[in-house]
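Following: one structure in structure tokens, then a few remarks.
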Amino acid sequence: MRASELRAILRGRDFRRLYATRLTSQLTDGVFQVALAGYVFFSPERQTSAGKAAAAFAVTLLPYSALGPFAGVLIDRWRRRQILVWTPVLRAVMIVLVAALVGAGQDGAAFFVGVLMLLGVNRFFLAALSAGLPHVVKREHLVTANAFAVTSGTVIAFAGGGVGYLLRGLFGAGHAGTALILLCCGGMFLLAGLVATSLPRGVLGPHLEEAAPQTREALGNVLRGLVDGGRHIVRRRPAAFGLAAMSFHRFLYGVILIMTLLLCRNRFADDADAGLATFAMMLGVSGAGFFAAAVITPLVVRRISKQAWITVLLAAGAACLLLLGTPFSEPLWAAGGFALGVVSQGVKLCVDTILQESIDDAYRGRVFAVYDMLFNATFAAAAAAAAAWLPADGVSYPTLGIVIAAYAVGAAVYWAASSGTRDSAIA
């Protein structure tokens, strides 16, 4: 990541405002995720099995992934700046209701529906951030801008997880303590909406005058809009292959994350609080890998294509799991988490940029919303698949072997499929 290029990006006033909006919201996401994980997976009153973990991920991820196409059509129709202002306000209202359920000790259908709605609304927010970025950054700076903004957003989400862990220690791990943490999240969401008001109303688009007439008509019909967006992706082969690579990696990463959760809860620690601390450490180490990817990726893709870098990263996923994962020891598993953090964020940065470069602005909201849908649906599918055979302590050599082989084969298949669509490295 060149310092001069980063300085040029940061000189953009609207970029700084969009970036501040991202950081405020994703810091809150980290606090919320720790509160949720602590309540569902690391509560002293509950035991976590692979089946329970899969059920929780399916309830919170799979249904709202179906909102992706609907969110995309609306993001291509509404002012994206207004989405960034009002979705945090809506989330703040919803989180108060969820906090009331948690305070009452509820963890049934009503609780998961509330969580579903909170996370579903966030699809609008995240897709609007990605679709709006090309409006505040020059095209030649997109790789670096993605590396800086997306990765620092991820890192601050990890920092938010640390804040959530500290609040858990302050308020307690019980129902009342978790409810208080959630109320703190509500105030932080309101702050994110306030920061977004600093953006000019029309700066993030969409510019519907650039759309073909049939596209403007499709905005009025969600299903037609989805089909229209799908056809657009098919015509952009780099985007289609990028989405396939990200979905494939996300599935494998989901299996490993479920294994990590079970290892931390039932193998690497003796009780729920120690398990949460271990899991937080694993996430922190993985977050460091995300940060490393942000530094490395812009430098690498100036010398090789983004498609080549994705191939290298997928192959590296196989190598690091083979070397560091097979002993199932805590220090080596943490090192593997760092390496997979580099792989995960490096692939995402490349795919984000490929989509931003190859998708017309009138379609970006729909494409990024479908991207989010695939991102979460494949993870939920991984959780369901892993639950079918993972033991309670997460140790499964056959599962790990399948993931290693899949990463290696996936790297070869992606490299062959992307032949002819590879971009030129920028010197």
**Asked** Of all the residues that make up the stretch 361-378, how many are among the hydroxyl-bearing types (S, T, Y) and in contact with a His (Cβ under 9 Å, 6 or more places away or on another chain)?
**Response** 2
**Fill in**
Filtering the stretch 88-102 down to residues that are within 28 Å of S130 (Cα to Cα) and surrounded by fewer than 23 Cβ atoms within 10 Å (Cβ to Cβ) yields V89, L90, A92, V93, M94, V96
**Request:** Six or more apart or on different chains, Cβ under 8 Å: which pairs go from a residue in the stretch 15-27 that's closer than 11 Å to A196 by Cβ to one that's of a type in the set (F, W, Y)? Could you list them?
**Result:** S25/F125; S25/F189
**Message:** Among (1) more than 20 Å from the chain's Cα centre (by Cα); (2) surrounded by fewer than 20 Cβ atoms within 10 Å (Cβ to Cβ), there is one condition A384 misses while meeting the rest; what is its number?
**Reply:** (1)
**Message:** Can you find, within the stretch 168-183, the residue that is farthest from W86 (Cα to Cα) among those that are surrounded by fewer than 21 Cβ atoms within 10 Å (Cβ to Cβ) and either among the aromatic types (F, W, Y) or under 24 Å from the mean Cα position of the chain (by Cα) (or both)?
**Reply:** F171
**Tally of residues being assigned to a loop (DSSP other than H, G, I, E, B) and in contact with a Leu (Cβ under 6 Å, 6 or more places away or on another chain) across the stretch 394-423** = 2
**Item:** Cross-chain or 6+ apart pairs with Cβ under 7 Å, the stretch 189-208 first and touching a residue at least 12 places away in the same chain (Cβ under 8 Å), then in a loop (DSSP other than H, G, I, E, B)
**Value:** R201/R79; G202/R79; V203/V136; P206/D76
**Request:** Using the structure shown, decide if A339 is outside any loop (DSSP other than H, G, I, E, B), within 25 Å of W309 (Cβ to Cβ) and not basic (K, R).
**Result:** yes
**Complete:** The residue that is modelled with the highest pLDDT, considering only those in the stretch 135-154 that are over 14 Å from L349 (Cα atoms) and part of a helix (DSSP H, G or I), is H135
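The values are calculated or read from the model by the stated rules, or taken from the named source; none is laboratory data. Since the model is a prediction, treat every value here as computed from it, not as a measurement. Quick reminder, even Gly has a Cβ in these numbers, built from the backbone with ideal geometry, and neighbours come from all protein chains shown.
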